[in-house]
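Each remark here refers to the structure printed beneath this line.
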Amino acid sequence: MFGFTYYTPTKVVFGRKTEEQVGELILKEGAGKVLVHFGGQSAVRSGLLERIKASLDAAGIEHQELGGVVPNPRLSKVREGIEIGRKMGADFILAVGGGSVIDSAKAIAYALAEPEADVWELFAHTRQAKKCLPVGTVLTIAAAGSEMSNSCVITNEETGEKRSYNDDIARPRFAIMNPELTVTLPDWQTESGCADIMMHTMERYFVNGGTMEITDSIAEALLRTVMHNAEILHHDPANYEARAEVMWASSLAHNGLTGCGNDGGDFATHMLEHEMGGMFDVTHGAGLAAIWGTWARYVMKDCLPRFVRYAVNVMGVEPKENDEATALAGIEAMEAFYRRIGMPTNMRELGIEPTEEQILEMAKSCAAASGGVKGSAKKLYCADMAEIYRRAR
Ligand code: NZQ
Ligand code: ZN
């Protein structure tokens with residue numbers, strides 16, 4: 001096993017009506033001027049935004065709102081938020097939404113803490129952040145795990161680059177999680193969210209270095225729990241218990257817990273998907289589902305013991321005549337699960353058909369963003385990445 005640092009400073013406030021505590025939680029952080037950041041219309045339509053504002057007013061907190069964050073959040077919206085935040089002298093950013101809103105809020109928070117520097121430099125990896133304004137979240141979709149993660153993913157729409165920047169200083173101060181808030185989600189988003197949660201766990205599970213039994217067992221339980229509840233939600237979207245299981249899983253899958261003792265994880269599927277998001281603006285979780293099976297077949301032989309363990313312990317596969325057959329049955333069972341909940345298992349089903357030229361462009365960009373090579377299950381270079389895109393069409 002590898003040594004590790006496990007750092008999860010985020011206070012989690014979980015359960016029905018917890019959003020009513022938001023004003024109080026921000027006061028405890030010592031903040032008084034809040035930029036409230038949200039997405040399209042869902043938080044307005046549901047009345048959530050009004051409830052948030054009422055809680056802030058009751059706590060005597062000054063606030064301004066900025067909505068309009070889109071999935072695969074854009075740099076231009078971040079810049080808009082920086083402008084407003086500067087003018088109002090914001091000392092806290094409150095994200096009301098999902099991964100896109102939270103990531104946009106984190107980027108604004110980085111920028112406001114270091115006003116002399118350009119925020120995109122972080123995502124271009126030409127500098128490291130020294131400071132970040134505090135961020136709090138009211139989560140409305142279980143998926144990205146950004147409510148507890150150190151990660152922030154922004155799309156520069158001028159260049160088509162979707163890039164991440166990871167730093168513990170941006171981990172949110174608190175995450176308010178009321179599973180009821182996710183009931184209004186379109187099915188596609190619920191299911192894409194479940195695919196993303198599973199991928200955050202699997203990225204850390206399919207490794208070739210050391211691991212720990214406790215970590216593996218937590219990961220397997222998390223995967224089984226998400227699969228079980230994703231199927232419940234597919235037929236009964238209003239099921240509170242299932243919503244709650246999936247919501248807590250979204251945070252545990254990406255707060256570092258399922259990576260303790262391993263080598264940092266594989267994350268090649270995520271890097272491959274980010275290029276698809278940058279070029280085609282696909283839904284993140286669905287993009288992951290569309291490419292995972294192809295990735296798994298491509299790397300399987302280099303990480304066979306993990307694929308066998310996954311097949312048996314997670315997918316419930318009976319051991320076959322040899323390890324390869326067992327591993328393959330596990331991958332097939334996973335794809336069958338994706339199909340059952342309406343997720344794509346290739347790019348065509350995702351609704352994109354990249355040309356050979358586009359594939360080469362994505363592979364080149366993915367390799368560049370990965371420093372030339374990515375993966376733990378198998379090290380992937382630019383030519384491997386292109387081949388996975390080709391086979392996933
Ligand atoms: O904008 P609104 O109207 O709110 O609609 C959103 C959006 O269209 C809708 N939605 C959210 N909550 C809702 C709701 N609709 C009805 N009722 C609700 N309660 O759902 C759509 C998707 O929202 P989004 O925030 O994009 O979803 P998600 O949480 O999946 O975030 C995806 C983004 O996070 C990044 C992804 O790459 C993508 O950009 N990721 C961030 C990570 C991180 N920071 O740790 C890790 C992930 O691997 C991921 O890369
Ligand atoms: Zn993800």
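Before moving on, here are some points about what is shown:
- Condition check for A249: under 27 Å from F174 (Cβ atoms) and either in contact with a Cys (Cβ under 7 Å, 6 or more places away or on another chain) or in the same structural domain as D103 (by TED's automatic domain parsing) (or both): no
- Any hit, the stretch 231-240, residues being in contact (Cβ under 8 Å) with a residue 40 or more places away in the chain and either closer than 20 Å to N255 by Cα or of a type in the set (D, E) (or both): yes
- Condition broken by R306, with the remaining ones in (1) on the phi < 0 side of the Ramachandran plot; (2) within 14 Å of ligand 2 (Cβ to nearest atom) satisfied: (2)
- Taking strands (runs of 3 or more DSSP E) as the structural unit, those lying wholly within the stretch 120-208 and holding at least 1 residues that are within 12 Å of the chain's Cα centre (by Cα) correspond to 151-156, 161-166.
- Picking from residues in the stretch 20-56 that are of a type in the set (K, R) and closer than 20 Å to P179 by Cβ, the one that is surrounded by the most Cβ atoms within 10 Å (Cβ to Cβ) is R51.
- Set K87, K106, K77: member being within 9 Å of ligand 1 (Cβ to nearest atom), of a type in the set (K, R) and not in a loop (DSSP other than H, G, I, E, B): K106
- Tally, over the stretch 39-75, of residues that are among the polar types (S, T, N, Q) and touching a strand residue (DSSP E or B) at 6+ places or on another chain (Cβ under 9 Å): 3
- Screening T211 with (1) modelled with pLDDT under 95; (2) closer than 30 Å to N313 by Cα; (3) within 12 Å of ligand 1 (Cβ to nearest atom) gives one miss only, at (3).
- Filter result for A129 (within 8 Å of ligand 1 (Cβ to nearest atom), buried (at least 17 other Cβ atoms within 10 Å of the Cβ) and either assigned by TED's automatic domain parsing to the domain that holds L75 or free of Cβ contacts under 8 Å to residues at least 60 places away in the same chain (or both)): no
- Meets criteria (within 30 Å of Y165 (Cβ to Cβ) and basic (K, R)) for K378: yes
The values are calculated or read from the model by the stated rules, or taken from the named source; none is laboratory data. Just so it is clear, the model here is predicted, and its values are computed rather than measured. Every residue, glycine among them, receives a Cβ derived from its backbone with ideal geometry; neighbour counts consider all protein chains shown.
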